[in-house]
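Step one of this worksheet: look at the structure below.
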Amino acid sequence: MTTVSLTVNGRAVTAAIDPRTLLVQFLRENLRLTGTHVGCDTSQCGACVVHLDGKAVKSCTTLAVAVDGSSVTTIEGLASGDALHPMQEAFREHHGLQCGFCTPGMIMSAVDMVNRRGHHLDEKTIREDLDGNICRCTGYHNIVKAIAAGAEAMGRAGAPLRQAAE
Amino acid sequence: MSATGIGAAVRRKEDHRFITGQGRYTDDINRPGQVHAYFLRSPHAHAIIKAIDTEAAAGMPGVIGIFTGADLAADKIGGLICGWMIHNKDGTPMRAGPHPALAQGKVRYVGDHVAVVVAETLAEAKDAAEAIAVDYEELPAVVDTGTAAGAKTVIHDEAPDNTVFNWHLGDREAVEKAFRAASHVTKLDLVNNRLVPNAMEPRAAVGDYDAGEGVFTLYTTSQNPHVARLVLSAFIGIAPENKLRVIAPDVGGGFGSKIFIYAEETVCVWAAKKVGRPVKWTADRTEAFLSDAHGRDHVTHAELATDAEGRILGMRVKTTANLGAYLSTFSSSVPTYLYAPLLSGQYDIPAIYCEVDAVYTNTAPVDAYRGAGRPEATFVVERLIEVTARQLGKDPARFRMQNYIRRFPHQTPVIMMYDTGNYGASLKKALEMIDYKGLGKRKRDSARAGKLRGIGFSSYIEACGIAPSAAVGSLGAGVGLWESAEVRVNPIGTVEVLTGSHSHGQGHETTFAQLVSDRLGISIDNVSIIHGDTDKVQMGMGTYGSRSGAVGMSAIFKALDKVIAKGKKVAAHVLEADEADIDFADGHFAVKGTDRKLDFGSCALQAYVAHKFNGQELEPGLKEGAFYDPTNFTFPAGVHICEVEIDPQTGVTRIERWAAVDDFGNVINPMIVEGQVHGGIAQGVGQALLEGARYNADGQLVTASFMDYTMPRADDLPSFDVGMTVTPCPSNPLGIKGCGEAGAIASPPAVINAITDALGHEEIAMPATPQAVWRAARKSMNRMAAE
Ligand code: FES
Ligand code: FES
């Protein structure tokens, strides 16, 4: 057993865990934050995307102990109180989800995309940038629309933008 | 139309929990004291199990129990069943081998279930499974669909030539005659590639046993929890139905793969009593690839006969369908009654004859996957039509228009009685949307850029709302395909609707509520839709085959009628009028020709307080149920046109344009319907361009992860132009035809027709990967150079 300390959705958590525990297991099983999903075992689908110190990571491919001391935001921590994050609202408004299983990862990836690429995202950019997330239900059509609209709305809401260093 | 009624693009009620991470999927459920199951699976495609030694494994840390097929047999747990009996040409029943949940002496595909380890943690269960010693005697594997019947190796003794059935439909003699009279015959050899459904949520189960009550509960990823309970009770023998509760909570996509009753779910619920603890299992993605029922996998030879004017005279089709190593729940119906009756497509074809041989192979079971039989039929029809038009030198759109059915009802030669449609209208609209007139210029522009542009059509038809029950019963179905609904009105006029349909992405919590809101004139927020729990909903047949609108909502409609009728009785007493003089509209019961009225909520309260009427003459309360059995199939139909551009240097195909015009009858929520179309097209494009489950000669699945099996991603697809035409369905009260599968049915031939058009009619198999397209493009160019 190893001890990890993380800030998850603004709350400090410390736990003794088996060192092989993945971040997604830690979130789902130890913290019962089941909004983060597991859709594959090869780091391909993006159902597990969370923000680690503000950047999107696949929590299925991240050891919890490796991120000791970091700050994690999951889908449960995205809204501020009752007010949905603009990207959440955009997914609802544009029917960017059907079964909802890929949705938390999609939304977390989308927010990260806006942080990296700005508020004005064209279809091509969105489609290319979304290549780490699989959705089997929507055919992506409405996800693309939702992300474009969510990006604009984040700009209007004055959400801080973190342009990628690259 | 009200803002939340029928026809409005109401935003989904269910979305809030999904976008905030509060969905409740099976793997999110944890029961107190829960332990974990891990299945030891066969590494061999075909082998005799000589011995299983679990002794070392049983002593490993955390292990609570290890069970094999012998333990299930000792508890008299029956095997998994196939619920549709098909008869051979000679009238004898199909030949099916047993399908034990845990292997009995033999394994028949890689991933077959050998034993289950139940342990405190999943890691401990996995570690222990590795310590189980299985003595296998390997047998040769039968893998190939086309040659399985002739193989020396026999998979099930009950099916000596690996053939489950030789089935046929249609009039062979009439077809022979049509072909003799033909001036042109088109012949095609087609493979409908094997697919893995890959709902993003892997299958999962939590079995729980309450020893005090003697009641089992199974939480599971199911599209039809009541059917699961029925099979687990009546056939597998877990417990009687009153002692078995099946809950299908939020389910992350199904596409058919979660209809079936599988080994893992069965074992988890049984093992919960065995070990006295709740038992949880969640598939990892590779397990899903190995053990979820796959889809398609047909090998077909098809011929179409036309006369000198280009009118279709007849069609003959010979298909071999791979059903895998065991017969999954509805497997036998897919290449038979869900396939051959659709071979008339949208065309007036006087004579059709179809033969289907279904074979066992050492591969995962094959069953319904989005469209189930209908995409296979549409692929045959639409490839034949397109190639015939080309061979006759006719414009493919005009050739279709020439042969469309124009008068309804139309009896096809293969069972179906099409009730209504307007195929020409859909085609015309789709041609406008894709700017067919501008195609020539676009082709020239592409050619100038060194690219090949092509267009492909698909005029599909599907049969949904599978029904009526007596009819499907006569065709071999083991169940009736009606649906149930119960409308419970609460004393203040809010409403709970209990439905036997199950939503796993379709948005029933919204569309069903729209219907109720529309009919009762109450706010959509005052309507809750309850589904997926056999303790709450009495009985239901679940969601598949695009049936929930046409059948599930019709049941709700029927129950609402009864609620309104009862409400009129109550209102008559309250308003002191004759029942015949009470009208119900816009949420009010009103006395004809007066201003006396009672709103729906007040009427509900009056029904429950029962002060204004004699409780002996009129029962208090406001709750009504209905079972709706359809009178016919419904026939959604439409036209999809795909335009591609191919780079002959790389073989990469880009879909440049997609126009879809569908006739789904009346539409409850266009936003949700369009979403269904988008998703269906994506799956069909996946089949046409990217996806293919491949077994090697030894029966190893070499495409068992997302690294090896290409799922469509956002940048593989365009945005789709989706339009609609409407001919209301005459056979159900809402005029709904169904929309869930259309995209997946329509799209594969549209894509392949477009690619072959771009390639100068060079044929290509699915998936048309860049490598395959590159090769075909070279062949085409060489051929054209030689000509
Ligand atoms: S679960 Fe992390 S990428 Fe699939
Ligand atoms: S909404 Fe179902 S996988 Fe994306």
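So what is Rg over Rh here for region B:190-325, counting just Cα atoms and using Kirkwood for Rh?
Using Cα coordinates only, the ratio equals 1.20.
Hey, got a sec? Which GluC sites (Glu not before Pro) in region B:284-341 land in a DSSP loop and have at most 10 other Cβ atoms within 10 Å?
Taking region B:284-341 and a limit of 10 other Cβ atoms within 10 Å, the loop GluC sites (Glu not before Pro) found are B:E309.
Within chain B, which complete DSSP H helices have Cα atoms spanning at least 18 Å along the helix axis and a mean Kyte-Doolittle hydropathy of 0.5 or higher? Provide the component values of the computation, followed by the final result.
On the way: long enough: B:374-391 (25 Å, -0.18); B:554-574 (30 Å, 0.47); B:670-685 (22 Å, 0.52); B:742-758 (25 Å, 0.96); B:770-786 (24 Å, -0.63).
Helix filter hits for chain B: B:670-685, B:742-758.
Hey, what does the equivalent ellipsoid look like for region B:194-259, semi-axes from the Cα gyration tensor as sqrt of 5 times each eigenvalue, largest first, whole Å?
25, 13, 8
Using each residue's phi in region B:200-208, evaluate 6.51 cos²θ - 1.76 cosθ + 1.60 at θ = phi - 60° and report the 3J(HN,Hα) Karplus result to the nearest Hz, with x for Gly and Pro.
Values per residue, Gly and Pro as x: 5, 7, x, 4, 7, 8, 10, x, 9 Hz.
Calculate the radius of gyration of the Cα atoms of chain B to one decimal place, then report Dmax, the largest Cα-Cα distance, as a whole number, both in Å.
According to the Cα coordinates of chain B, Rg and Dmax are 27.5, 93 Å.
Would you pull out the residues with amide H under 5 Å of B:M724's amide H, same chain only if 5 or more places away, H placed 1.01 Å from N?
So B:M724 has HN proximity to B:D662.
Tell me, B:V591, B:V639, B:V661 in order of fewest to most beta-carbon neighbours within 10 Å?
B:V591, B:V661, B:V639
Test of understanding: ordering B:D127, B:D250, B:D663, A:D131 by Cβ neighbours within 10 Å, fewest first, what list do you get?
Listing B:D127, B:D250, B:D663, A:D131 from fewest to most nearby Cβ atoms yields A:D131, B:D127, B:D250, B:D663.
If the cut-off is a Cα-Cα distance under 20 Å, which lysines reach B:K274, setting aside same-chain residues fewer than 8 apart in sequence?
Partners found: B:K76, B:K126, B:K243.
How many lysine pairs does region B:482-628 hold where the Cα atoms are under 17 Å apart and the two sit 8 or more places apart or on different chains?
So the count works out to 17.
Regarding the protein assembly as shown, what's the average projected area of the Cα-atom convex hull, expressed in nm²?
Spelled out: convex hull of the Cα atoms, projected over all directions, averaged, 42.1 nm².
Suppose the chain between B:A786 and B:K562 were pulled fully straight at 0.36 nm per residue; how much longer would it get relative to their current alpha carbon spacing? Don't jump to the answer; show the numbers that get you there.
Details: separation 224, 0.36 × 224 = 80.64 nm, distance 7.31 nm.
Here the segment from B:A786 to B:K562 would lengthen by 73.3 nm.
Calculate I(q)/I(0) for region A:12-166 by the Debye formula, one identical point scatterer on each C-alpha and no solvent, and give its log10 at q = 0.11, 0.14, 0.21 Å⁻¹ to two decimals.
Normalising to I(0) and taking log10 leaves -0.40, -0.65, -1.39.
Please work out the Kirkwood hydrodynamic radius for region A:2-76, using every pair of different C-alpha atoms, and report it in angstroms with one decimal place.
Averaging 1/r across every pair of different Cα atoms and inverting gives 11.9 Å.
I need the semi-axes of the equivalent ellipsoid of region B:563-612: take the C-alpha gyration tensor, multiply each eigenvalue by 5, square-root it, list largest first in whole angstrom.
Equivalent-ellipsoid dimensions as semi-axes: 15, 11, 9 Å.
Could you tell me the convex hull volume per residue, in Å³, taken over the Cα atoms of region B:482-628? Numbers along the way, then the final one.
On the way: hull volume 15.4 nm³, N = 147.
Considering the Cα atoms of region B:482-628, their hull volume per residue is 105 Å³.
Could you derive backbone 3J(HN,Hα) for region B:39-50 from the dihedral phi with the Karplus parameters 6.51, -1.76 and 1.60 (θ = phi - 60°), listing whole Hz in sequence and x where the residue is Gly or Pro?
Couplings: 9, 7, 10, 5, x, 10, 6, 7, 7, 8, 8, 7 Hz.
Figure the gain on full extension for A:D68 and A:H119 (residue separation times 0.36 nm, minus the Cα-Cα span) and round it to one decimal in nm.
15.2 nm
Amide H neighbours of B:H46 under 5 Å, counting only residues 5+ apart in sequence or on other chains, H built in-plane at 1.01 Å?
Under 5 Å from the amide H of B:H46: B:L139.
Hand me the trypsin sites (Lys or Arg not before Pro) from region B:401-505 located in a DSSP loop with no more than 15 other Cβ atoms within 10 Å, in residue order please.
In loop regions of region B:401-505 (DSSP not H, G, I, E or B), the sparsely surrounded trypsin sites (Lys or Arg not before Pro) are B:R406, B:R407.
Name the aspartates and glutamates eligible as straight-distance cross-link partners of A:K55: C-alpha to C-alpha under 17 Å, and not fewer than 8 places from it in the same chain.
Reachable aspartates and glutamates: A:D68, A:E76, A:D112, A:D129, A:D131, A:E166.
Quick one: which residues, 5+ away or cross-chain, put their amide H under 5 Å from the amide H of B:V215? H built at 1.01 Å from N.
Hits under the 5 Å cutoff: B:D210.
Just to be sure I understand the model, the point goes 7 Å from the Cα along the line to the Cβ. What's the resulting B:D629 to B:R407 distance in nm?
3.2
Any number yet on Rg/Rh for region A:86-156, C-alpha, Kirkwood?
Values: Rg = 10.5 Å, Rh = 11.5 Å.
With Rh from the inverse mean 1/r over Cα pairs, Rg/Rh is 0.91.
Taking the inverse of the average 1/r across all pairs of different Cα atoms in region B:644-707, what Kirkwood radius in Å do you get?
Values: mean 1/r = 0.0664 Å⁻¹.
Mean inverse Cα-Cα distance, inverted, gives 15.1 Å.
Determine, for B:D721, B:D419, the number of other Cβ atoms within 10 Å of each Cβ, and report the residues in order from fewest to most.
B:D721, B:D419
Taking the alpha-carbon set of region B:1-149, what are its Rg and Dmax in Å?
Here Rg and the maximum Cα pair distance are 22.4, 69 Å.
If you project the alpha carbons of region B:431-527 onto the principal axes, what extent comes out on each, in Å, largest first?
Computed over region B:431-527, the largest-to-smallest principal extents equal 71, 42, 22 Å.
Based on the inverse mean of 1/r over its pairs of different Cα atoms, what is the Kirkwood hydrodynamic radius of region B:404-487, in Å?
17.2
Work out how far the C-alpha atoms of region B:306-447 reach from end to end along every principal axis, then list the three figures in whole Å, largest first.
52, 39, 27
Rule-based calculations on the coordinates, nothing more; no lab input. Quick caveat: nothing in here was measured; it's all calculated off a predicted structure. Note that we place each Cβ from the backbone using ideal geometry, even for glycine, and neighbour counts take in every protein chain shown.
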